[in-house]
Structures are given as C-alpha cells and as structure tokens.
Amino acid sequence: MANRKRRKSKPKRRKTPEFLRTKNENRLGMMVAVIAIMIMTAVVGVNSVSLKQKEQQYAAKEQELVKLIEAEEARAAELEEFATYTKTKKYAEEVAKDKLGLVYDNEIIFQEVD
C-alpha cells in the first residue's frame, strides 16, 4: 500500500446557505421585472408620441371640414334665397325679357347699332 499515490483532494466548494440562495433568486427576479417594466414604459412612450401626431393631424382635418361645412351652409342659404326669388313676379318678368324677348305694351326698347 505504500505504492499508492495519494490523490489530492479538490477543495470542496462551499454550499451557499439557503437564505443567501433565495436572496439571489429574488434579486434576479426583481431585475427581470424591472427590465420588463422599462421595456413596457419605452413602448408606451413611443406609442403616445405617435398618437399625439395622429391627434394633431385629425385636429387639422377637423378644422378643414368645419370650414367646408360653413361654406356649404352659406351656399345652402344662398340657394334658399334664390328659390324664394324664383317664385316672385319680378323673376318671371326678368326671364320673359331676357330669354323670350317679351315686353310690356307701353315699353320702349332701345337697341345698340354696331
């Protein structure tokens, strides 16, 4: 037995105590949670910027449409006035003179000579 070589024993690794292992696991979990929250915050921030840009575009489009509505309302009022004017006797006389060339018996017509 004297010929046997003694093997050098490897230094034994210390086992970390249970309370330290759970502490490290908690730290890892907390770091993962913090990183996830930071990523979600960044995504929400980027989306909020794009939503604000869209909101500005929609506000400009809304102003343009409001102006168009006002113009169409003014045009509708003019058409309503014209509709009431076409029902008058004066309008009928103007159309008869301009388009049909009719005149009253006591009217004198002057024409230009070229």
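The values are calculated or read from the model by the stated rules, or taken from the named source; none is laboratory data. On a predicted model such as this, the values are computed, not experimentally measured, just so you know. Cβ coordinates were reconstructed from backbone atoms using ideal geometry, including for glycine residues, and neighbour counts include every protein chain displayed.
Within the range 5-15, the presence of at least one residue that is modelled with pLDDT under 95 and not charged (D, E, K, R) is confirmed.
Residue-by-condition table, conditions (1) modelled with pLDDT under 95; (2) over 30 Å from Ile109 (Cβ atoms); (3) among the β-branched types (Val, Ile, Thr); (4) surrounded by 10 or more Cβ atoms within 10 Å (Cβ to Cβ):
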| position | (1), (2), (3), (4) |
| --- | --- |
| Gly29 | yes, yes, no, yes |
| Ala33 | yes, yes, no, yes |
| Lys90 | yes, no, no, no |
| Ala96 | yes, no, no, yes |
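Cβ separations smaller than 8 Å between residues 6+ apart or across chains give the following pairs from the range 86-102 residues that are assigned to a helix (DSSP H, G or I) to residues that are of a type in the set (A, V, I, L, M): Ala96/Leu102; Lys97/Val103.
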